[in-house]
Amino acid sequence: MVSPGKRPWLKLFCGGVVLGAVLLGVSIYAMLSTDQRPFCATCHLMQEAAITHKLGTHADRSCNDCHAPHAILRKLPFKAQAGVMDFLGNLAGKDVPYPPSVATRDIVNENCIACHAQTNVNVASMDAKPYCVDCHRNVAHMRHQPLAQRTVAYE
């Protein structure tokens, strides 16, 4: 039998597996935490969006269920870039970019269509306008009403 001191590669391998598992767990926790409204609301430029999201029809969803790609290989770079832009905007005292960029609108539209695919099967007007929010304006944080007058959608 070979003593454990003669197999340093085994210790390195096991240590690497444990370290990899811990890093994966921390990454998943960080990804899920930074998708949620309480995290997004920590920046002043997201305050209005957080309030209207909480009152809206999609309050049971995380912010990034709508605002980020779902595929992980697209989501990571998108979140990194959007996070840096939001951080810089927060430092500069800016408001949420409105209108949103074409890339952001495309992602939100993809997510609308993906989540509501079963509903959209029988909708003849899906191609009437380029974006879902072109018709469903109040779904997007009830943006066309003053904050003081916004209520839960359809009330």
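For region 38-69, what are the residues that are modelled with pLDDT under 85 and polar (S, T, N, Q)?
Selection gives THR42, GLN47, THR52, THR57.
Only one residue in VAL123, VAL96 is within 23 Å of MET31 (Cβ to Cβ), at pLDDT below 85 and open to solvent by less than 90 Å² (accessible area, probe 1.4 Å). Which one? Show your work before the answer.
Details: VAL123 fails: within 23 Å of MET31 (Cβ to Cβ).
Within the list VAL123, VAL96, the selection yields VAL96.
Among the residues of region 1-37 satisfying the criterion of being of a type outside the set (A, V, I, L, M, F, W, C) and surrounded by fewer than 10 Cβ atoms within 10 Å (Cβ to Cβ), which is modelled with the lowest pLDDT?
If we take residues in region 1-37 being of a type outside the set (A, V, I, L, M, F, W, C) and surrounded by fewer than 10 Cβ atoms within 10 Å (Cβ to Cβ), then PRO4 is modelled with the lowest pLDDT.
When you scan region 16-73, how many residues do you find that are touching a residue at least 12 places away in the same chain (Cβ under 8 Å), over 24 Å from CYS115 (Cβ atoms) and either acidic (Asp, Glu) or not in a helix (DSSP H, G or I) (or both)?
1
In the set ASP95, ASP134, ASP127, ASP86, which member is under 14 Å from the mean Cα position of the chain (by Cα) and at negative phi?
Result: ASP86 is the single residue among ASP95, ASP134, ASP127, ASP86 that is under 14 Å from the mean Cα position of the chain (by Cα) and at negative phi.
Does PHE87 fit the bill of being open to solvent by 70 Å² or more (accessible area, probe 1.4 Å) and touching a residue at least 40 places away in the same chain (Cβ under 8 Å)?
Working: open to solvent by 70 Å² or more (accessible area, probe 1.4 Å): yes; touching a residue at least 40 places away in the same chain (Cβ under 8 Å): yes.
Yes, satisfied.
Can you tell me how many residues within region 74-85 are of a type in the set (Lys, Arg) and farther than 16 Å from ALA114 by Cβ? Let's see the steps before the verdict.
Taking region 74-85 as the starting set, the residues that turn out to be of a type in the set (Lys, Arg) are 74-75, 79.
This time we only want the ones that are farther than 16 Å from ALA114 by Cβ, so: 79.
Of the residues in region 74-85, 1 are of a type in the set (Lys, Arg) and farther than 16 Å from ALA114 by Cβ.
The values are calculated or read from the model by the stated rules, or taken from the named source; none is laboratory data. Note that the structure is predicted; figures quoted are calculated from it, not measured. Quick reminder, even Gly has a Cβ in these numbers, built from the backbone with ideal geometry, and neighbours come from all protein chains shown. For the accessible areas, the whole protein counts, side chains as well, though only heavy atoms, and no ligand, DNA or RNA atoms are used. Shrake-Rupley method; radii C 1.70, N 1.55, O 1.52, S 1.80 Å.
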